[in-house]
Amino acid sequence: MTKEKAQARREHIARMRQEQKRKERRTAFLMWGAGGAVIVLLAGLVGFYLINERATSSLDAVTSAKYPGGAHVETQVSYAETPPLGGEHNSAWQTCGVYDKPVNSENAVHSMEHGAVWITYQPDLPKDQVETLKKLASKEYMLLSPFPGLPAKVVASSWNKQLKVDSADDPRLAKYIAKYRNNSAETPEFGASCDRGVDTTTAEAPIPTAAPTAAPSSSASAAPEPSTAPDATSSPSASPSS
């Protein structure tokens with residue numbers, strides 16, 4: 001083999017080795033790149049899942065108030081929140097259960113004082129969602145009723161706590177109920193009954209807007225009538241002479 005052929009062969013082998021190394025580097029780069037992309041994708045999916053899980057199960061959206069318990073009134077109350085989550089209320093509580101018509105807020109607030117979670121929903125909520133709510137409200141210390149003018153599709157309220165959601169399927173509802181239903185730390189009259197109250201609706205027995213005017217007392221004495229008896233000061237009749 002001539003020197004020229006030997007040199008050409010060496011150069012050809014060197015080029016082949018360089019090309020092989022370039023292919024190996026490209027393959028490694030593609031593999032690492034694909035692996036990195038998969039890792040980034042997985043990290044993104046995990047992050048999205050955690051964020052979404054927190055958004056759909058966290059109770060961070062629960063609002064709070066600081067109403068004291070025990071304030072009974074017998075007239076309608078102008079509540080600051082819709083629906084109310086505490087404050088003055090009627091002396092009779094609403095018997096816990098499922099109602100297909102609105103109930104008096106003043107009675108329902110008293111039920112919450114006893115530990116009830118009051119779920120209200122817009123009257124035009126689809127029937128399948130109402131059925132979902134009825135299942136959630138099938139436990140003790142649960143009250144369910146439609147509420148005209150509700151600011152959200154569904155609202156869960158308990159004493160000094162409230163959560164607004166856009167669907168009966170929102171998983172936060174079940175978590176809210178589990179945390180606040182008959183909660184000993186939040187309930188002013190923990191252990192009080194949610195049964196044997198009133199079971200009437202707003203249309204059946206509305207709360208009066210004002211206290212009734214007191215009727216005149218029946219014990220007041222009538223003006224004395226003139227006496228028809230003889231005047232005790234007049235002289236007696238003269239006796240006939242004997």
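Compare PHE190, PHE29 by solvent-accessible area with a 1.4 Å probe and give them largest first, with all protein chains kept in place.
Values: PHE190 110, PHE29 150 Å².
Of PHE190, PHE29, the descending order of accessible area is PHE29, PHE190.
Check ILE119: other-chain or 5+ apart residues with amide H under 5 Å from its amide H, H built from backbone geometry?
HN-HN under 5 Å from ILE119: LEU143, LEU144, SER145, SER157.
So with the 1.4 Å probe, I'd like the accessible area per residue for region 1-158, rounded to whole Å².
On the way: 9660 Å² over 158 residues.
On a per-residue basis, 61 Å².
Give me the lysines in straight-line cross-link reach of LYS139: C-alpha distance below 16 Å, same-chain residues under 8 apart excluded.
Cross-link targets: LYS175, LYS179.
Mind ranking LYS164, LYS139 by accessible surface for me, highest first, 1.4 Å probe? If you can, show how the numbers build up before the last one.
On the way: LYS164 90, LYS139 120 Å².
Greatest to least solvent exposure: LYS139, LYS164.
Can you work out the Karplus-derived ³J(HN,Hα) for every residue in region 177-182? Use 6.51 cos²θ - 1.76 cosθ + 1.60 with θ = phi - 60°, whole Hz, and x for glycine or proline.
4, 4, 7, 10, 5, 6
So what's the net charge close to GLY70: Lys and Arg +1, Asp and Glu -1, counting the other residues with Cβ under 13 Å from its Cβ? Display every interim value, and only then the final one.
Numbers: positive: none; negative: GLU88, GLU113, GLU189.
Taking every other residue near GLY70 into account, the sum is -3.
Read phi for every residue in region 140-145 and hand back ³J(HN,Hα) as whole Hz from Karplus 6.51 cos²θ - 1.76 cosθ + 1.60, θ = phi - 60°, with x for Gly and Pro.
5, 6, 10, 10, 10, 6
Using only Cα atoms, what is the ratio of the radius of gyration of region 58-130 to 2.2 N^0.38 Å? Present the calculation step by step, with values, prior to reporting the outcome.
Working: Rg = 13.1 Å, N = 73, 2.2 N^0.38 = 11.2 Å.
This ratio for region 58-130 stands at 1.17.
The values are calculated or read from the model by the stated rules, or taken from the named source; none is laboratory data. Please read these numbers as outputs of a predicted model, since none were measured by experiment. Using ideal geometry, Cβ is built from the backbone for each residue, glycine included, and neighbour counts are taken over all protein chains shown. Areas reflect the complete protein model, heavy atoms only, side chains present, ligands, DNA and RNA absent. Shrake-Rupley method; radii C 1.70, N 1.55, O 1.52, S 1.80 Å.
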